[in-house]
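The values are calculated or read from the model by the stated rules, or taken from the named source; none is laboratory data. Since the model is a prediction, treat every value here as computed from it, not as a measurement. Cβ placement follows ideal geometry from the backbone for every residue including glycine, while neighbour counts extend to all protein chains displayed.
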Amino acid sequence: MKLFDWQQTAVSPQATIKETLAVMDKAALQIALVVDEAGHLLGTVTDGDIRRGLLAGKMLTSPIGEVMHLTPKVGHQGESVTLWQKQIQQYQLRHLPIVDAEGKMVGLFYEKPEPLSLSNPVILMLGGLGTRLRPLTENMPKPLLPVGNQPILETIVKHIAQQGFERFYFCINYLGEQIRDYFGDGSKYGIQIEYIEEQERMGTAGALSLLPEAPQEDFIVMNGDLLTKVDLKALLDFHQKHQNIVTACVREYAQQVPYGVVEMEDHRVTQLVEKPVYRYFVNGGIYALSPAALRFVPDQQFYDMPTLIEQALAEQLPVGGFPITEYWMDIGQLPDYQQAQIDYEQHFS
């Protein structure tokens, strides 16, 4: 445990959710402290608070004060470290803000989590042709395209391995031998990699029918062209808490109409809204699945994850949406690839 400079995690209650996420990403302590101008603690914010807010209808432009936790546990200046540690353990916390007698911040007591060892499989879909990135992908599969100082897929694998996941399946097709040659059995990353070879393209879920054995516990499926820092352990926890058969990661997408929108009933105007912004959640290409979801996957056929979700919904099975609050980039086209090169140093160096 360590006492950190609280100011690197501080935001005002008027800061937007998006601005707060940037502060949290830079500090890398998984918390933001909401304070007033004098430094009084008003509340705390974690990824979970933000995800719940987004699901409740808040936007990335909403003030962070609307989603913060108003009554966080705190330690007090002058107390012993032992007492702070007891609070951390009693309430199963990672962070304990330390305040003075007036409620002003003086420090942040933080317990770094122990390294995890997770047996849940991670299945990466790597068989795409990368057509929209040609000519870059004419002689190299998209997952091996360099971003920063290493291939896209290496950044993905290292980030997931750091979260404690150890069992990986690589579903390969187009130029798949290059991927196999580069990553081998995964031992240099401290993980185990098994390869599933698609004899033909099978979509974003069809290769699940080729698994050597059906997973006995919840597992992750992820497209192999996503550069992201999403917390997959938090995704699994969310999936299990809500007892979903499938949980899809979702991203907020806002679109502004550049005109005044006229709302009408029959021939009468009921409202005029000037340049409204409409908000949607879009599919992030990362999923948590329960083993029971595999019954929807046909044997050795092209099959996409959205189809699996549609079938689960048709049977009224619980399907969840997990908002991604971390960095996420779908490297589908050349402008995305160029932007990822710019973003890499900030988010992955």
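Take residue 310 and tell me if it is in a helix (DSSP H, G or I), at pLDDT 95 or above and more than 16 Å from the chain's Cα centre (by Cα).
Yes: the conditions hold for residue 310.
Considering only the stretch 305-349, state which residues are of a type in the set (D, E, K, R), in contact (Cβ under 8 Å) with a residue 24 or more places away in the chain and exposed (fewer than 13 other Cβ atoms within 10 Å of the Cβ).
Answer for the stretch 305-349, where residues must be of a type in the set (D, E, K, R), in contact (Cβ under 8 Å) with a residue 24 or more places away in the chain and exposed (fewer than 13 other Cβ atoms within 10 Å of the Cβ): just 345.
Among residues belonging to the stretch 127-166 that are over 17 Å from the mean Cα position of the chain (by Cα), of a type in the set (A, V, I, L, M) and in a helix (DSSP H, G or I), point out the one that is farthest from residue 232 (Cα to Cα).
The qualifying residue farthest from residue 232 (Cα to Cα) is 133.
Only one residue in 54, 42 is surrounded by 13 or more Cβ atoms within 10 Å (Cβ to Cβ), touching a strand residue (DSSP E or B) at 6+ places or on another chain (Cβ under 9 Å), on the phi < 0 side of the Ramachandran plot and in contact (Cβ under 8 Å) with a residue 40 or more places away in the chain. Which one?
Among 54, 42, only 54 is surrounded by 13 or more Cβ atoms within 10 Å (Cβ to Cβ), touching a strand residue (DSSP E or B) at 6+ places or on another chain (Cβ under 9 Å), on the phi < 0 side of the Ramachandran plot and in contact (Cβ under 8 Å) with a residue 40 or more places away in the chain.
Among the residues in the stretch 90-111, are any in a helix (DSSP H, G or I), free of Cβ contacts under 8 Å to residues at least 60 places away in the same chain, in the same structural domain as residue 49 (by TED's automatic domain parsing) and surrounded by fewer than 18 Cβ atoms within 10 Å (Cβ to Cβ)?
Checking the stretch 90-111: at least one residue is in a helix (DSSP H, G or I), free of Cβ contacts under 8 Å to residues at least 60 places away in the same chain, in the same structural domain as residue 49 (by TED's automatic domain parsing) and surrounded by fewer than 18 Cβ atoms within 10 Å (Cβ to Cβ).
Quick one: which strands (runs of 3 or more DSSP E) lie wholly within the stretch 180-286 and hold at least 2 residues that are modelled with pLDDT of 95 or more?
Qualifying strands (runs of 3 or more DSSP E): 192-197, 219-223, 246-256.
Might you check whether a residue that is within 28 Å of residue 57 (Cβ to Cβ), modelled with pLDDT of 90 or more and part of a helix (DSSP H, G or I) occurs anywhere in the stretch 314-321?
The answer is yes, given that some residue of the stretch 314-321 is within 28 Å of residue 57 (Cβ to Cβ), modelled with pLDDT of 90 or more and part of a helix (DSSP H, G or I).
Show the residue pairs that are 6+ apart or on different chains and have beta-carbon atoms under 9 Å apart, the first residue being within the stretch 290-304 and polar (S, T, N, Q), the second being surrounded by 15 or more Cβ atoms within 10 Å (Cβ to Cβ) and in a helix (DSSP H, G or I).
Matching pairs, first to second residue: 290/239; 300/206; 300/209; 300/210; 301/206; 301/209.
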